1. Ranked by Cβ crowding within 10 angstrom, fewest neighbours first, how are VAL229, VAL240 ordered?
2. Return the aspartates and glutamates within reach of LYS129: Cα separation strictly under 16 angstrom, same-chain partners fewer than 8 residues apart disregarded; answer none if there are no such residues.
3. Order of 160-170, 202-212 by packing, highest average Cβ count within 10 Å first?
4. Once fully extended, how much extra length lies between ARG302 and MET21, figured as 0.36 nm per residue of separation less the alpha-carbon to alpha-carbon distance?
5. Provide the net charge surrounding SER285, with neighbours chosen by a C-beta distance below 10 Å and charges set as Lys +1, Arg +1, Asp -1, Glu -1.
6. Give the aspartates and glutamates reachable from LYS12 as a straight Cα distance under 14 Å; neighbours fewer than 8 places away on the same chain don't count.
7. Just name one of PHE74, SER4, LEU145: the one whose Cα is farthest towards the positive end of the charge dipole of the chain (beta-carbon charges, Lys/Arg +1, Asp/Glu -1).
8. What does the net charge come to around TRP28 if you take all other residues with beta carbon closer than 14 Å to its beta carbon, with K and R at +1 and D and E at -1?
Amino acid sequence: MTKSLLRVVNLKKHFPVERGMLSRLSGWVKAVDGVSFSIDAGETLGLVGESGCGKTTLGRTILRLLEPTAGEIFFEETKLNELSPEELRQFRARMQVIFQDPYSSLNPRMTAGSIVGEPLAVHRRAETKGKREEMVGELFEKVGLARHHKNRYPHEFSGGMRQRIGIARALALKPKFIVCDEPVSALDVSIQAQIINLLQELQEELSLAYLFISHDLRVVAHMSNRIAVMYLGRLVEVAVKEELFQNPFHPYTKILLEAIPEPGVIKKQKTGLPGEIQSSLNSPSGCSFHPRCPLAKEICSREEEPQLQEKEKNHFVACHLR
């Protein structure tokens, strides 16, 4: 059995809530609350869920851009939690991120070439400035930009071109794993398709592994090998893409799938998902989804929270009713 490239074990990220003039601790926001999964080399795991469920926090905690409250993160069997700041700095070359907003993730005072070349300079990947300039030019061409674009500033590019710059920056240090944090949600639909195709081409060429975060199941279905569904800081279902779409187990997953619009098809009016996702500060007892679940029973509101269990081969679900 091959070892996973990335393995996350019972990962938690809780934020303290302080109130009053003395900033007294009044509770904890459990943004990520006991998440476990693995990603193999060259695989894409799609992570879906409503806004506020903890997807972005999970991605940033894996990269240790946020320090985990508890749990373990293994990359190539190295435990990231135990690395010193200097060791982590060197290790980060293998783990990169593509941010959601191409308008705010690029320094407006730096040229595109300087932005892409900065990781090469920091990690001393080029012997001379000329060599670094050549590497930057190659990265621009790899993501579909012309070499002369490196002298322009971010405000001179369209949204799609800015995201290509962000992708080039992520590729600069030749990583093996990239967190794609909603990389196309801020782009026009036609541009989204171009960026998704680019990411797939790069994955095939460079054997990249992705954690692809999105709230759009159509995009995730196009990109992913497996899909993990997240609700209020926890994974409620994980399965191979085809299995999840054809045979969803969790009521939340079923509702998300029913909400996907189909071109040219007018769906019957559905009740949909009542209310909004609850605050992670005051999670309900038992299953966190039960206040909104149309199938909820008495057992769902009890103190015991359902755990993610394998109900069929490679199909995991956290639900008392399965």
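Laboratory data are not the source of any read-out in this text; all were calculated from the coordinates shown. Keep in mind it's a predicted model, so treat the numbers as computed, not measured. Methodologically, a virtual Cβ is constructed for each residue, glycine included, from the backbone with ideal geometry; neighbour enumeration extends over all protein chains shown.
1. If I rank by nearby Cβ atoms, fewest first, I get VAL240, VAL229.
2. GLU118, GLU138
3. Highest to lowest by the protection proxy: 160-170, 202-212.
4. Net length gain for the segment: 97.5 nm.
5. That works out to -2.
6. ASP33, GLU67, GLU72
7. Positive-end residue among those listed: LEU145.
8. For residues surrounding TRP28, the net value is +3.
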